Amino acid sequence: MAVTSIHSIRTTLNKSIQYIVDGNKTRNGELVVSNGCSTDARTASEQFAQIRACGSGRSTILAQHIIQSFPPGEVTPEQAQRIGMELCQNLFGNDYQYILATHIDHEHVHNHIIVNNTNMFTKKTFETELNQGKKSERAWAKIRNTSDELCNKYALSVIKNPHTNKGKSHYEWEQHNKEMFTDVNSVNTCKHSSNSWKSRLKLAIDEVVKIAVDFDDFLIKCRQHNIEVEYNPDRVIDLKFRLDGQQRFIRSRTLGWHYETPQIKSRIEMCRKAVNYKQDYSIIRTDTEIMQSSPGLRRWADIQNMKNASKIINTLTKYNVQDRTDLDKKCLGGMMMRGAIVGQLEPIRREIDLLKEKKKAVVILLKHKPVIDEMKPLSGRKRSKFEKLHQLEIYEYKQALEQLQEFFPDNSFQNVPTLDKQISKKTTEFNKLNAQYNEVVTRNKELEYCRQQLAEYLRQERSHVQQKKKNIQLE
């Protein structure tokens, strides 16, 4: 998944460009590309100004700043840059000057794109051409939709919320990178995959989200779980967290999109819906007045209760559950086991994707090599004419070659059969582990059903006893 945002630059364009092309963030400038301008901040600012001076509008906006952020570990810097280039090409073609810089100074790779506010050819402003009409036709929507399409193209995760920037398609997004356990059958032996304070803080926040009733309750429970919170809805950065013992507060945005206020509220709501979900089968009390007055209805209730009890007993026997405490432990252990397997699945999936990327680059290289071989002996006008005629093939060949040189610095490119063999091996490993994952999910659902049914039975019993006491007092 890539999260996108856009804002206008009205002053200090030079400093903005200087910030995004910083060599410390872009591997000494290797991850900076441009269209229609220099990658030097001062020169680019002057070139932007020359185009704006010929513009037809009177806008005070100098440029647009687009940010495209990827989750930690989902893409390599080269993949992020490639996706950013395609995003620019789809949105602007060659009509606008822009600089694209891929930053690697944080755990999440992200693209910064600064686009001149004036079209090089039509001389119209960005607002006139790309930011008019309905909300779905505005620039931010076009950027997000195009980014999502590219994420789908490259098999990256996508948030499925086409009409709003709130909410999430499923609660467990990003959770798979949070937990690894040395002994998945024991609660006491769980171990987080990263011992960093940031990972521990995110995991602690996730736990509070699961038990919070609403956002206000979330803030209270954070403090009860040793998480200090600063919340000020009047500020742009409205939410900050700090674990006890941690020196400084960290902004929710720094932790990730998943930890910003709107998303936390959405996650709490989704958790509440899951908690309030009622099972199809529930224990039916037969000592109520309506049941006692209808033998037929009571018999039907007895049959339903026996079916439900039989289902619970069979499940508890199947998984060797000794008592309610053991059931609670096995439910929690199952959740941990699921997290551990997902934590193992994700790296394998990334390996498979990387191997497929390598194979794709090799296939493209071999496909266009005859064109390159035909071009090599040409010179002068013949070469220029040939290059113009085969522009796409040459471009794809160069891109594939650069990609392979990144994959194989020693230029010992692997052939397609070798890559196919590696892909097959990793896919088999993934499928085997995925089958274990499906078994664990089934086990968890069955045990959780038993746990909820028993909890409901005990709740009804307590309620019934309390009601009897009240009735006795009234008498």
Practice task
May I ask you to verify whether ILE17 is assigned to a strand (DSSP E or B) and either within 26 Å of VAL109 (Cβ to Cβ) or open to solvent by less than 30 Å² (accessible area, probe 1.4 Å) (or both)?
Solution key: no
Problem - Counted residues, segment 358-377 - those being farther than 21 Å from LYS421 by Cβ, open to solvent by 70 Å² or more (accessible area, probe 1.4 Å) and either assigned to a loop (DSSP other than H, G, I, E, B) or among the hydrophobic types (A, V, I, L, M, F, W, C) (or both) - result: 2
Practice task
Take segment 296-342 and flag every residue that is within 28 Å of ASP206 (Cα to Cα), open to solvent by 40 Å² or more (accessible area, probe 1.4 Å) and without any contact (Cβ under 8 Å) to a residue 60 or more places away in the chain.
Solution key: THR325
Practice task
Within segment 208-249, count every residue that is within 23 Å of PRO71 (Cα to Cα) and either modelled with pLDDT under 85 or touching a helix residue (DSSP H, G or I) at 6+ places or on another chain (Cβ under 7 Å) (or both).
Solution key: 10
Exercise for the section: Could you tell me which of the residues THR128, THR122, THR76 is under 25 Å from HIS258 (Cα atoms), of a type in the set (Val, Ile, Thr), out of contact with any Lys or Arg (no Cβ under 7 Å at 6 or more places or on another chain) and modelled with pLDDT under 90? Expected result: THR76
Handout entry: Conditions (1) acidic (Asp, Glu); (2) open to solvent by less than 60 Å² (accessible area, probe 1.4 Å); (3) more than 12 Å from GLN68 (Cα to Cα): number failed by ASP148
Key = (3)
Exercise for the section: Could you list all residues from segment 201-244 that are assigned to a strand (DSSP E or B), crowded, with 16+ Cβ neighbours inside 10 Å and of a type in the set (D, E, K, R)? Expected result: LYS240, ARG242
Completion exercise
Within segment 50-89, the count of residues that are under 16 Å from ASN116 (Cβ atoms), part of a loop (DSSP other than H, G, I, E, B) and open to solvent by less than 50 Å² (accessible area, probe 1.4 Å) comes to 4
Completion exercise
Selection from segment 439-475 of residues closer than 18 Å to LEU332 by Cβ and among the hydroxyl-bearing types (Ser, Thr, Tyr) yields THR442, TYR449
Exercise for the section: Report yes if LEU87 is under 27 Å from LYS15 (Cβ atoms) and touching a Lys or Arg at 6+ places or on another chain (Cβ under 9 Å), otherwise no. Expected result: no
Handout entry: Any hit, segment 22-36, residues being part of a helix (DSSP H, G or I), in contact (Cβ under 8 Å) with a residue 60 or more places away in the chain, under 24 Å from ILE83 (Cα atoms) and over 27 Å from the mean Cα position of the chain (by Cα)
Key = no
Problem - From the options VAL362, VAL416, VAL371, VAL440, residue that is at pLDDT 85 or above and touching a Gly at 6+ places or on another chain (Cβ under 7 Å) - result: VAL440
Practice task
May I ask you to verify whether GLN466 is within 30 Å of LEU345 (Cα to Cα) and either open to solvent by 50 Å² or more (accessible area, probe 1.4 Å) or hydrophobic (A, V, I, L, M, F, W, C) (or both)?
Solution key: no
Completion exercise
Those residues of segment 35-46 which are surrounded by 19 or more Cβ atoms within 10 Å (Cβ to Cβ) and among the polar types (S, T, N, Q) amount to ASN35, SER45
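The values are calculated or read from the model by the stated rules, or taken from the named source; none is laboratory data. Quick caveat: nothing in here was measured; it's all calculated off a predicted structure. Here Cβ is always computed from backbone atoms with ideal geometry, including for glycine, and neighbour counts include all displayed protein chains. Surface areas here come from the heavy atoms of the whole protein model, side chains and all, with no ligands, DNA or RNA. Shrake-Rupley method; radii C 1.70, N 1.55, O 1.52, S 1.80 Å.
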